[in-house]
1. For segment 63-85, state whether one or more residues are of a type in the set (D, E, K, R) and farther than 25 Å from residue 111 by Cβ.
2. Identify, please: which residue in segment 101-112 is of a type outside the set (S, T, N, Q) and within 18 Å of residue 10 (Cα to Cα) and is, among those, least open to solvent (accessible area, probe 1.4 Å)?
3. Go through (1) in a loop (DSSP other than H, G, I, E, B); (2) closer than 16 Å to residue 116 by Cα for residue 46 and report which single condition fails.
4. Would you confirm whether any residue within segment 68-80 is of a type in the set (D, E, K, R), assigned to a loop (DSSP other than H, G, I, E, B) and in contact (Cβ under 8 Å) with a residue 12 or more places away in the chain?
5. Which of the residues spanning segment 22-36 are more than 15 Å from the chain's Cα centre (by Cα), surrounded by 10 or more Cβ atoms within 10 Å (Cβ to Cβ) and not in a strand (DSSP E or B)?
6. Identify all residues within segment 74-100 that are within 21 Å of residue 13 (Cα to Cα), open to solvent by less than 40 Å² (accessible area, probe 1.4 Å) and not aliphatic (A, V, I, L, M); write none if there are none.
7. Just to verify a result, which residue in segment 37-65, among those that are surrounded by 14 or more Cβ atoms within 10 Å (Cβ to Cβ) and modelled with pLDDT of 80 or more, is farthest from residue 95 (Cα to Cα)?
Amino acid sequence: MIRSRARLAHYQDGANIEYGDKLNKIERGLGYWFNAKGSVGSIKTGEAVAPKNDSSTPYTLSLVEGWNQIGNPFPFAIDWSDVLADNPPASGISSLKIYSTDKQNFDDGNKIALFGGGFVHADNAVSLNLNVSLKSRADGNRIQRTTPDLVMIHGSYHSH
């Protein structure tokens with residue numbers, strides 16, 4: 001990625017770290033900033049690996065003490081309130097903060113969209129279990145189709 005045209009960063013330890021510096025791979029469950037001047041064409045991210053989570057093996061999201069930039073680890077929208085409800089022993093975790101491009105500031109949010117993310121604050125380091133059943137609960141027990149259906153082809157998600 002050419003920094004004069006596009007930048008990719010992740011908020012960690014109180015600062016944004018950029019791709020090519022300390023950020024060398026994109027990790028599932030983390031959120032990222034992407035900024036581009038004009039069109040950058042296609043971006044090759046490499047081959048994707050299908051998640052191996054199901055009802056008996058939830059995805060574990062590890063939060064550090066302080067602010068965490070998180071991303072949706074699933075190929076469907078999830079509600080942050082459902083994540084918190086599924087983890088009642090965890091306390092001291094804030095509501096979801098989502099960046100509003102209109103306001104150029106953060107708003108309270110609840111839905112983490114497909115390929116979306118946001119920020120949450122944790123008073124202490126904690127691990128949260130994100131259950132695959134979150135898919136059926138997003139949007140008040142119904143799945144809202146705001147993006148094309150995705151299918152897995154050779155380990156990568158594609159719209160159809």
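1. yes
2. Step by step, filter segment 101-112, then rank; the result is 112.
3. Going through the list (1) in a loop (DSSP other than H, G, I, E, B); (2) closer than 16 Å to residue 116 by Cα, residue 46 breaks only (2).
4. The answer is no; no qualifying residue exists.
5. Within segment 22-36, 22 is the sole residue that qualifies.
6. Correct list: 92, 94.
7. Only one residue tops the list, namely 58.
The values are calculated or read from the model by the stated rules, or taken from the named source; none is laboratory data. Computed from a predicted model, the values in this text were never measured in an experiment. When we count neighbours, we look across all protein chains shown, and the Cβ atoms used for this are built from the backbone with ideal geometry, even at glycine. Surface areas here come from the heavy atoms of the whole protein model, side chains and all, with no ligands, DNA or RNA. Shrake-Rupley method; radii C 1.70, N 1.55, O 1.52, S 1.80 Å.
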